[in-house]
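A.B. asks: Input: one structure, supplied below.
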Amino acid sequence: MRRAAVVFCASMVIGLFVAGCGQKGPPTIRVGLIAELTGDMPAVGESCKKAAQLAVKEINDAGGLQKGDKHYKMELFIEDNAGKADQSASAAQKLITQKKVVAIIGPNATRYATPASEIAESSHCLLITPWSTNPKTTLDAKTNAPKKYVFRACFTDPFQGRVLAKFAMERLKAKKAAVLYDVASD
């Protein structure tokens, strides 16, 4: 359900993008999906793929996206990042330059979403990540300002950390905490 909601939100962003265009657009809105279909979390990638396919089918079955009296069907292009950061960047580049997508959904994990977000931002292509929680994904690496074309559908790590700490202290009356993490991962 969460993946379908993310795809729906991305579709709405795309719809707003199309509605804001002053020129006639093609009869099809091309959208990309970068998912972890192979590699370290294929179950995540597969569920993301199925949610995106379902959302596109439902949107198209309902008449597609509309601008004025013109209807646009959605076309989904799926790329596997194989659970690798460099393949996430390559997939984003391919979707933007070869498939000519107007928006990308995914990748999911921060370690894959951040490199793809750099490509999307520099190419002025919308990208929404379902659950990349590291602020680096949506912040410009040089200026620390928010990226203009990259969004997330989840909370950031700093926000979640504060909420969890408050819950642990106030509700659970915890006095000590430990954090386990992978030092090689953003």
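A.B. asks: Starting from segment 21-41, keep only residues that are among the polar types (S, T, N, Q), then list their pairs with residues that are at pLDDT 55 or above whose Cβ atoms are within a distance under 6 Å, requiring at least 6 positions of separation or different chains.
C.D. replies: Thr28/Lys73; Thr28/Glu75; Thr38/Asp80; Thr38/Ala82
A.B. asks: Here's a follow-up. Quick check on my filter: what residues within segment 111-129 are within 15 Å of Val44 (Cβ to Cβ) and either surrounded by fewer than 23 Cβ atoms within 10 Å (Cβ to Cβ) or modelled with pLDDT under 95 (or both)?
C.D. replies: Arg111
A.B. asks: Lys148 - would you say it is among the basic types (Lys, Arg), touching a residue at least 60 places away in the same chain (Cβ under 8 Å) and part of a loop (DSSP other than H, G, I, E, B)?
C.D. replies: The answer is no for Lys148.
A.B. asks: Here is a list: Thr133, Thr137. Which entry is touching a strand residue (DSSP E or B) at 6+ places or on another chain (Cβ under 8 Å), part of a loop (DSSP other than H, G, I, E, B), among the β-branched types (Val, Ile, Thr) and closer than 21 Å to Cys154 by Cβ? Walk me through it before giving the result.
C.D. replies: Values: Thr137 fails: part of a loop (DSSP other than H, G, I, E, B).
The unique qualifying residue is Thr133.
A.B. asks: Follow-up question, since we're still on this one. Of the conditions (1) assigned to a helix (DSSP H, G or I); (2) more than 15 Å from the chain's Cα centre (by Cα); (3) farther than 24 Å from Asp182 by Cβ, Gly63 fails just one. Which one is it?
C.D. replies: Unmet for Gly63, out of (1) assigned to a helix (DSSP H, G or I); (2) more than 15 Å from the chain's Cα centre (by Cα); (3) farther than 24 Å from Asp182 by Cβ: (1).
A.B. asks: Given the structure, is Ala92 within 15 Å of the chain's Cα centre (by Cα), under 25 Å from Lys148 (Cα atoms) and assigned to a helix (DSSP H, G or I)?
C.D. replies: Yes; evaluated as a whole, the condition is true for this residue.
A.B. asks: Sort through Cys9, Cys48 and tell me the only one that's of a type outside the set (A, V, I, L, M), at pLDDT below 90, under 18 Å from Ile128 (Cα atoms) and assigned to a helix (DSSP H, G or I).
C.D. replies: After ruling out the rest, the residue left standing is Cys9.
A.B. asks: Which condition number does Lys142 fail, the rest of (1) within 28 Å of Lys49 (Cα to Cα); (2) outside any helix (DSSP H, G or I) being met?
C.D. replies: Only one criterion is unmet by Lys142, namely (1).
The values are calculated or read from the model by the stated rules, or taken from the named source; none is laboratory data. Because the structure is predicted, anything quoted here is derived from the model rather than measured. So basically every Cβ, Gly included, is an ideal-geometry build from the backbone, and we count neighbours across all protein chains shown.
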